[in-house]
Amino acid sequence: MSVLIIAEAGVNHNGNLEIAKKLIDMAVECGADAIKFQTFKAEESTGAFAEKAEYQKENMPIVESQLDMIRKLELPFEEFKVLQDYCNERGILFISTPDGTESLNYLVSLNLPIIKIGSTEVSNVEFLRELGETGREIILSTGMSTLGEVEKAINVLKSTGNKKIKIMHCVTDYPTAVEDVNLLAMVTMREAFKVPVGLSDHTMGCEAGIAAVALGAEFIEKHITLDRNMDGPDHKASMPPEEFKAFVKSIRNTEKLLGDGIKKPTAREKLIMKDVRRSIVAADDLAEGIIIEKHMLTYKRPGYGIEPEMTKYILGRKLKRKIMKDELILWTDI
């Protein structure tokens, strides 16, 4: 099964429906399988006195509260139906992350097959219970979490009877430094919880995604933007079109590199094999009627004669014809 590549549009539409549609176009043209947005009402998720996160302060040095910032990034709920319809039209899966009960209920009303949970909700037990009770496939992002916290979150989801749970390794920092990615934690969670795993990749390059796929990630999420220079908290840690297109290609090439796990010659190798493997040849000129002894033989290219492992079966046999040095000895010659 192919790796699911999710283009994380998030709030990089800056509260503008037309920009959101352009992000969908970008995701399709770059080869993504899905695009993910964030569905929220600012007042439902963020208190009036909440400060901006460190990365938000760095990426948006404007002096304002987190609530003021988020208000500018909000889309009306009804516009997510417009985006879902546009995704269906363009042939790409629509996913969104709810940020509270109201937004969750709205996304459920859209009959989304998958709901992604943001890392901020790992410890939000009541909301996790609501999410599990939807019966939808859940992708749980795990930034800022310990293994124990992830286990508790999974147990809450499972307690609702929902077994359709996947885990996304994540580092909540935009961009994430390479030394902080810790991809082996993804492997640890797969082994500990026996669920499919993936990566929410917030690094600036392709290496983390490539390595994650090599380690068994079944889905990869990457932030996208039309332009890194746009205003907003996530643009600077997102990939513009040409970079994201290269990212998708690198993931698909990694899948090809991994292969099917069966050790066997390729079709090309089979063609090459006959010219570069060794066969039994005469070490010197050999007369017709001679009895073959070991010292009369050596092993050289090409490889379409008798294989070296068959040497013991031709020793002591009589040659039917004269054979020159370096000439192949064939079964018809003995």
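Table for the structure above
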{"read-out": "Residue list for segment 163-175, filter: within 16 Å of VAL122 (Cβ to Cβ) and either outside the structural domain of ARG129 (by the TED database) or surrounded by fewer than 22 Cβ atoms within 10 Å (Cβ to Cβ) (or both)", "value": "ILE165, LYS166, THR172, ASP173"}
{"read-out": "Subset of segment 80-119 [without any contact (Cβ under 8 Å) to a residue 24 or more places away in the chain and in a helix (DSSP H, G or I)]", "value": "ASP85, ASN88, GLU89, ASN105, SER109"}
{"read-out": "Number of positions in segment 1-46 that are assigned to a loop (DSSP other than H, G, I, E, B) and under 21 Å from ASN229 (Cβ atoms)", "value": "6"}
{"read-out": "Total residues in segment 283-334, condition in a helix (DSSP H, G or I), charged (D, E, K, R) and either at pLDDT below 95 or under 27 Å from LEU271 (Cβ atoms) (or both)", "value": "2"}
{"read-out": "Wholly within segment 163-264, helices (runs of 4 or more DSSP H) carrying at least 1 residues that are among the polar types (S, T, N, Q)", "value": "184-193, 241-258"}
{"read-out": "Qualifying residue in segment 126-146 (condition: touching a residue at least 60 places away in the same chain (Cβ under 8 Å), touching a Lys or Arg at 6+ places or on another chain (Cβ under 6 Å) and in the same structural domain as LYS236 (by the TED database))", "value": "yes"}
{"read-out": "Verdict on VAL178 being surrounded by fewer than 18 Cβ atoms within 10 Å (Cβ to Cβ), within 14 Å of the chain's Cα centre (by Cα) and within 20 Å of VAL213 (Cβ to Cβ)", "value": "no"}
{"read-out": "Condition met for ILE70 (modelled with pLDDT of 95 or more, surrounded by 17 or more Cβ atoms within 10 Å (Cβ to Cβ) and among the aliphatic types (A, V, I, L, M))", "value": "no"}
{"read-out": "Filter pass, LYS256 being more than 23 Å from the chain's Cα centre (by Cα) and either basic (Lys, Arg) or in the same structural domain as ALA34 (by the TED database) (or both)", "value": "no"}
{"read-out": "Residues being among the small types (Gly, Ala, Ser) and part of a loop (DSSP other than H, G, I, E, B) - total across segment 141-158", "value": "2"}
{"read-out": "Hits in segment 229-250 - residues which are modelled with pLDDT of 95 or more, buried (at least 16 other Cβ atoms within 10 Å of the Cβ) and among the basic types (Lys, Arg)", "value": "LYS245"}
{"read-out": "Test: VAL213 is buried (at least 19 other Cβ atoms within 10 Å of the Cβ), in contact (Cβ under 8 Å) with a residue 24 or more places away in the chain, aliphatic (A, V, I, L, M) and over 19 Å from LYS36 (Cα atoms)", "value": "yes"}
{"read-out": "Residue satisfying condition, being in contact with a helix residue (DSSP H, G or I) (Cβ under 9 Å, 6 or more places away or on another chain) and exposed (fewer than 15 other Cβ atoms within 10 Å of the Cβ), within set GLY91, GLY132", "value": "GLY91"}
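Residue by residue, here is whether (1) of a type in the set (Asp, Glu); (2) touching a residue at least 60 places away in the same chain (Cβ under 8 Å); (3) under 18 Å from ILE5 (Cα atoms) holds:
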residue: THR225; (1), (2), (3): no, yes, yes
residue: MET239; (1), (2), (3): no, no, yes
residue: GLU242; (1), (2), (3): yes, no, yes
residue: ILE334; (1), (2), (3): no, no, no
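Per-residue answers, yes or no, for (1) in the same structural domain as ILE35 (by the TED database); (2) touching a strand residue (DSSP E or B) at 6+ places or on another chain (Cβ under 7 Å); (3) among the hydroxyl-bearing types (Ser, Thr, Tyr):
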| residue | (1), (2), (3) |
| --- | --- |
| SER96 | yes, yes, yes |
| LEU104 | yes, yes, no |
| SER109 | yes, no, yes |
| LYS116 | yes, yes, no |
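The values are calculated or read from the model by the stated rules, or taken from the named source; none is laboratory data. Quick caveat, the model's predicted, so the values are computed rather than measured. Backbone-built Cβ (ideal geometry, glycine too); neighbour counts: all protein chains shown.
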